[in-house]
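These notes are about the structure you will find just below.
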Amino acid sequence: MSAEKPQIYLEPRPFCGSHLLQKVGRCNPSARCTTDGCKGKQLPVLNLDIQSDIDAWNTRAELAPEGCTPADARMLRKANHGLAMESHKLRAKADALIEENEALRKDAERVIESRGCYGWSVECDAEIDKLRARLDAAKEPT
């Protein structure tokens, strides 16, 4: 299994302010706008294997808020990008935990159904305890 290539830092889109969808880890890596109604969605993809294209994309007129230097504005944009990337990773982790929780719930239901109400035993209790331990482990932050 190959390691996924890291995302490339790209400024948010000038039209809608969202981040480009990046397709990396393949031939001809690219990025494009996927926001419905955004003018940027009509534009061609950005080639991520051409550094001058990336540099051109990341070039913006320095429109800093009042009292904010252009350097501070750049730092804030980069920090916002980092937070967006971290948010994406956390959402993916939460989705994985939800899937694990669903699988564990189905396992527990299978055990309960296989034992039947009248066939409950110490062995069944042990199986349920194992499933609960797996669920608790899946809930713990890493």
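No lab work stands behind these numbers, since they all come straight from the coordinates. Just so we're clear, the structure is a prediction, and the values are computed from it rather than from any experiment. Cβ atoms come from the backbone with ideal geometry, glycine included; neighbour counts cover every protein chain shown.
Brief remarks on what is shown
- Residues in region 94-110 that are over 12 Å from Leu135 (Cα atoms) and either of a type in the set (Gly, Ala, Ser) or surrounded by 12 or more Cβ atoms within 10 Å (Cβ to Cβ) (or both): 3 in all.
- Of the candidates Cys38, Cys33, the single residue that is surrounded by 13 or more Cβ atoms within 10 Å (Cβ to Cβ) and touching a helix residue (DSSP H, G or I) at 6+ places or on another chain (Cβ under 8 Å) is Cys33.
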